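Structure first, then comments.
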Amino acid sequence: MGSPLIRVGVIGVGNIGTAHAENLARTVAGSTVTAVYDYDATRAAHVARDLGAEAVDSAEALIAHPDVDAVVIASPDGMHAEQALACIAAGKPVLCEKPLAPELDNAQRVMDAEIAGGRRLITMGFMRRFDPGYLALKAELDSGVVGDPLLLHCVHRNVSPAPGQTSAKSLTNAVVHEIDINRWLLDDEYASVQIMSGKPSRHAEGDLRDPLLVFLRTTRGVLVEVEFFVNARYGYEVRCEVVATEGSVQMTDAVHITSARELAIGRSLPEQWLGRFGEAYRLEMQGWIDALRTGTVTGASAWDGYMATLVANTCIQALDTDAAVAVEMPERPSLYR
Ligand code: ISE
């Protein structure tokens, strides 16, 4: 008998939820989308009709649905934890968009519930771990040709903020990617964080601190410097350079071409993350489905989600001081070793 087809329910079909649902229904091998929920019922009905799925009335109904084997959580950040807890209670695997929760106590509750159940059900949507650019960067580092990493310079720029953006949200919603990918790249944890914010962009509304410089020091002493700028206006850009003892490695885009036209030469930039990380999202979903079909696990775990929230919350504390703030790291639970 072949591996089962995984029937997925998608909670939240905004920008990213719709992209996940389309990938699962059309591109990923071994999955289908059977149910969709969004607080905007018209939107849910539209996506459901397009994908041949059923639009349901609530996240609870979707999780309990007999034709849903696994759940994608792509709702607003503050709802992830409750929905992940409901999936764990129902024994259904989850691909949870980041963050696991903006608040540490909620991230802890999800991780504790998973540990109490004794099996890994949560995969975190840290798609950069599947991005061909980041994979090439990691392969180069792991090969040892540039020696031992000493410094990381990272750039993360968005065209404009989401409605209601705050400095805390910049950290828990977006810098959280940097927190995760750099601990994955270095195979290390963070010991402390420090934040500098200076002159705000004239586009930064209210008391949003933008841009931010986030400095992280790992337990092995590697320095990670992240520029996060959510009002960059000109395009979406993510870059990473690793300076090591024998050389350096830079990652700009996974793939790019330079084209010359109209008395100019250059390359175009995406407007947002789907343009830059589209392939990473597809590979992430394929990896998740393959793992479910073979009874294995892949990608970031609830522990990784918890750690990212812990460090993002330490960054929030660091916003109000010029000093470095220590990351109070707990012991890694045995389920994640
Ligand atoms: C945004 O909030 C996201 O969720 C995306 O994953 C990220 O790439 C982007 O830069 C964030 O601002």
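The values are calculated or read from the model by the stated rules, or taken from the named source; none is laboratory data. What you are looking at is a predicted structure, and each value in this text was computed from that prediction instead of being measured. Here the Cβ is made from the backbone with ideal geometry for all residues, glycine too, and neighbour counts use every protein chain on show.
Of everything in region 170-213, what is surrounded by fewer than 19 Cβ atoms within 10 Å (Cβ to Cβ) and in a helix (DSSP H, G or I)? Give them in sequence order.
Trp184
Take the residues of region 174-190 that are in contact with a Lys or Arg (Cβ under 6 Å, 6 or more places away or on another chain) and among the aliphatic types (A, V, I, L, M): which is farthest from the ligand (Cβ to nearest atom)?
Selected residue: Leu185.
Condition first: touching a helix residue (DSSP H, G or I) at 6+ places or on another chain (Cβ under 7 Å), surrounded by 21 or more Cβ atoms within 10 Å (Cβ to Cβ) and in a loop (DSSP other than H, G, I, E, B). Can you find one or more residues in region 81-90 that meet it?
no
If you take the residues of region 19-41 that are within 21 Å of the chain's Cα centre (by Cα) and within 14 Å of Leu95 (Cα to Cα), which of them is surrounded by the fewest Cβ atoms within 10 Å (Cβ to Cβ)?
This residue is Ala19.
For region 298-325, what are the residues that are in contact with a Ser or Thr (Cβ under 9 Å, 6 or more places away or on another chain) and within 24 Å of Asp207 (Cβ to Cβ)?
Listed by number, the residues that qualify are Thr309, Ala312, Asn313, Thr314, Cys315, Ile316, Ala318, Leu319, Ala324, Val325.
Out of all the residues in region 133-173, which are under 17 Å from the mean Cα position of the chain (by Cα), near the ligand (Cβ under 10 Å from one of its atoms) and of a type in the set (A, V, I, L, M, F, W, C)?
Ala162
Write out, first by first residue and then by second, each pair whose Cβ atoms fall under 9 Å of each other, whose residues are 6+ apart or on separate chains, and whose first residue, in region 177-190, is closer than 16 Å to Gly299 by Cβ while the second is small (Gly, Ala, Ser).
His177/Ala308; Ile179/Ala308; Ile179/Ala312; Asp180/Ala300; Asp180/Gly305; Asp180/Ala308; Arg183/Ala308; Trp184/Ala300
Take Thr245 and tell me if it is within 16 Å of the ligand (Cβ to nearest atom), surrounded by fewer than 16 Cβ atoms within 10 Å (Cβ to Cβ), closer than 25 Å to Ala139 by Cα and in contact (Cβ under 8 Å) with a residue 40 or more places away in the chain.
Judged against the criteria, Thr245 is not a match.
Can you work out which of the residues in region 265-299 that are outside any helix (DSSP H, G or I) and within 16 Å of the ligand (Cβ to nearest atom) is nearest to Thr27 (Cα to Cα)?
Gly299
For region 26-52, enumerate the residues that are of a type in the set (D, E, K, R) and part of a loop (DSSP other than H, G, I, E, B).
Asp38, Asp40
Scanning for something buried (at least 20 other Cβ atoms within 10 Å of the Cβ), assigned to a loop (DSSP other than H, G, I, E, B) and modelled with pLDDT of 95 or more, does region 146-163 turn up at least one residue?
yes
Considering region 66-123 alone, what residues qualify as being small (Gly, Ala, Ser) and within 16 Å of the ligand (Cβ to nearest atom)?
Ala74, Ser75, Gly78, Ala101
State the number of residues belonging to region 91-105 that are in contact (Cβ under 8 Å) with a residue 40 or more places away in the chain and surrounded by fewer than 20 Cβ atoms within 10 Å (Cβ to Cβ).
2
Picking from Ala302, Ala291, Ala264, Ala280, which residue would you name as being exposed (fewer than 13 other Cβ atoms within 10 Å of the Cβ) and either on the phi < 0 side of the Ramachandran plot or among the polar types (S, T, N, Q) (or both)?
When all the criteria are applied, what remains is Ala264.
Restricting to region 1-25, give me the number of residues that are more than 16 Å from the ligand (Cβ to nearest atom) and in a helix (DSSP H, G or I).
4
Taking the options Pro200, Pro211, name whichever one is of a type outside the set (Ser, Thr, Tyr) and within 15 Å of the ligand (Cβ to nearest atom).
Pro211
Take residues that are in contact with a His (Cβ under 8 Å, 6 or more places away or on another chain) and either basic (Lys, Arg) or at pLDDT 95 or above (or both) and tell me which of the strands (runs of 3 or more DSSP E) falling wholly in region 214-264 contain 1 or more.
223-229, 237-244
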